[in-house]
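Contents: one structure, followed by commentary.
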Amino acid sequence: MPSAPRSTTGASSPASLRRTSRVQPPEFPVIYAADLVLPVGTPPVERGAVVVDRDGRIAGVGPVEEISRANAGVEVREFRGCTIIPGGINAHAHLGFRRGDEPPGGSFAGWLSVLIERLPEKEAWTEEAARNSAREALETGTTYIAESSPYGECLKPLAESGLAGVVFAEFFPHEIGPPEEAVEYIFNRTRELKRGLPERVSVEVSVHSPYTVDPESSRLAARRSREAGERLAIHLSESPEEVEFVQKGTGGLANIFARNEWGGAGVSPVKYAERIELLGPGTIAAHLATGVSDEDLEILARTGTAAAHCPRSNEYLGCGVSPVPRMLERRIPVGMGTDGLWSSPSMNLFEETLTAVQKHGFGGETGLRLATLGGAEALRMQDEIGSITPGKWADLAVVEAGGGGEPSREVLEAAADGGVVATVVGGRLLYSR
């Protein structure tokens, strides 16, 4: 992984993000109208409209005639032949990768080994890749991203994109020092990164994985996050190699940094994560694709841990299929994630979601919910985003779909196929095709 940064000042500092942002000031209030509004969680509205207040939040939802009458003189932006849905919420992404030169898939440990070998060359283009990934996400209807990157290296491109989101700063203790020193370092790092950020961009901590972060560093970081009232991101039970490392201390991840001597716990990765205090409300575990038992699911449900589902990455890396239907049965919060372009073909969250719908046999309503309100619940932000509800941020995607027999499925398929014609973040029209 990239070496720990020795300074957080200079050209890469986020202190100047407000000055460099390309986002234009909003013109509020404004009304967005379409043939159909699918709010998620409440009934569809034909010939519907969403009115945005001066703060960029939703002031009302309803038939366009009623909304227009109640808001006389407010500009109406009409999208004929389209459906308005909540913006996509990407619950697990890695922005700093590019399409076209990804390491070969099939074996997670083999893929990761090549990735690590190529980190020195990657440093030269990571920021540009992150900027392009964020733009691709925006143009395909995503409005909020939970990004994970080493030491928060992709913060600046995310903050400048106009998207809302959180950067989970990953740390790697073997590059820093003993557990107390490593944890102090990453929390000092996130404290510095938070300075000068746009209102809807935040920075929190990620314990990368059971095979890269030792148990004590993991435990201390999780405790600090909970004490601060912050969330914690982790990769968990992602691959067969991870399961082997945690259970037996052997396999392709045992020597990924030549210092992973803490494996061989004799339990599943989920049970191991519970043992070292990683799980709980506010923890979002990405992947959960290999060896997740019913006992593991009960642990996730009991601890209030959420899941980020990344089916295309799991398939590319030979990691199995996450038991999402059983998670939903147990009321485990589940959101969708694209991962990054070295393990997934696009940053289109709706394309990712359609893969999950097809793989698990879900209906369109379940799929649309996973991509929106499900992600908000997984990130503990359901009171702020995820549905078109008065009081929430006006984060919207406008999709070229008219609402056929199953409107949710139709709009999901259209968005997956490049049918997003506009994306609105906090009431601002940031993308219009």
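Per-structure values
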read-out	value
Filtered residue count, the stretch 375-411, keeping only those that are part of a helix (DSSP H, G or I) and under 18 Å from the mean Cα position of the chain (by Cα)	4
Which listed residue, of GLU315, GLU351, GLU365, is buried (at least 20 other Cβ atoms within 10 Å of the Cβ), assigned to a helix (DSSP H, G or I), among the acidic types (Asp, Glu) and at pLDDT 95 or above	GLU351
Every residue from the stretch 422-433 that is surrounded by fewer than 20 Cβ atoms within 10 Å (Cβ to Cβ) and either in a loop (DSSP other than H, G, I, E, B) or of a type in the set (Val, Ile, Thr) (or both)	ARG433
Residue match in the stretch 230-247 (condition: charged (D, E, K, R), in contact with a Lys or Arg (Cβ under 7 Å, 6 or more places away or on another chain), under 14 Å from THR283 (Cβ atoms) and assigned by TED's automatic domain parsing to the domain that holds ALA109)	yes
Inter-residue pairs, beta-carbon under 7 Å, first closer than 13 Å to GLN358 by Cα and in the stretch 301-325, second part of a strand (DSSP E or B), 6+ apart	VAL324/HIS309; VAL324/VAL334
Cβ pairs under 9 Å, 6+ apart, first in the stretch 257-272 and closer than 18 Å to PHE171 by Cα and assigned by TED's automatic domain parsing to the domain that holds HIS174, second of a type in the set (S, T, N, Q) and in a loop (DSSP other than H, G, I, E, B)	PHE257/THR212; ASN260/THR212
Complete set of residues in the stretch 181-207 that are under 17 Å from the mean Cα position of the chain (by Cα) and either of a type in the set (Val, Ile, Thr) or surrounded by 24 or more Cβ atoms within 10 Å (Cβ to Cβ) (or both)	VAL201, VAL203, VAL205, SER206, VAL207
Among (1) over 30 Å from VAL398 (Cβ atoms); (2) surrounded by fewer than 20 Cβ atoms within 10 Å (Cβ to Cβ); (3) touching a residue at least 12 places away in the same chain (Cβ under 8 Å), the one test that PRO178 misses	(3)
Members of the stretch 269-312 that are among the hydrophobic types (A, V, I, L, M, F, W, C), part of a helix (DSSP H, G or I) and within 18 Å of TYR211 (Cα to Cα)	VAL270, ALA273
Given (1) among the aromatic types (Phe, Trp, Tyr); (2) modelled with pLDDT under 95; (3) in a helix (DSSP H, G or I), index of the condition TRP111 fails	(2)
Residue that is farthest from LEU341 (Cα to Cα), among those in the stretch 85-100 that are in a loop (DSSP other than H, G, I, E, B) and touching a residue at least 40 places away in the same chain (Cβ under 8 Å)	GLY87
Checklist (1) in contact (Cβ under 8 Å) with a residue 12 or more places away in the chain; (2) in contact with a Phe, Trp or Tyr (Cβ under 9 Å, 6 or more places away or on another chain) applied to PRO39, failing item	(2)
Tally, over the stretch 368-383, of residues that are over 21 Å from ALA401 (Cα atoms), of a type in the set (A, V, I, L, M) and surrounded by 24 or more Cβ atoms within 10 Å (Cβ to Cβ)	3
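To keep it simple, each residue is scored yes or no on (1) of a type in the set (Asp, Glu); (2) surrounded by fewer than 22 Cβ atoms within 10 Å (Cβ to Cβ).
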| position | (1), (2) |
| --- | --- |
| VAL37 | no, no |
| VAL40 | no, yes |
| PRO43 | no, yes |
| ARG47 | no, yes |
| ASP53 | yes, yes |
| GLY56 | no, yes |
| GLY60 | no, yes |
| ARG69 | no, yes |
| VAL74 | no, yes |
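Every residue, every condition in (1) out of contact with any strand residue (DSSP E or B) (no Cβ under 7 Å at 6 or more places or on another chain); (2) assigned to a strand (DSSP E or B), yes or no:
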{"site": "GLU153", "(1), (2)": "yes, no"}
{"site": "LEU158", "(1), (2)": "no, no"}
{"site": "VAL167", "(1), (2)": "no, yes"}
{"site": "ILE186", "(1), (2)": "no, no"}
{"site": "SER225", "(1), (2)": "no, no"}
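The values are calculated or read from the model by the stated rules, or taken from the named source; none is laboratory data. Quick caveat: nothing in here was measured; it's all calculated off a predicted structure. Every residue, glycine among them, receives a Cβ derived from its backbone with ideal geometry; neighbour counts consider all protein chains shown.
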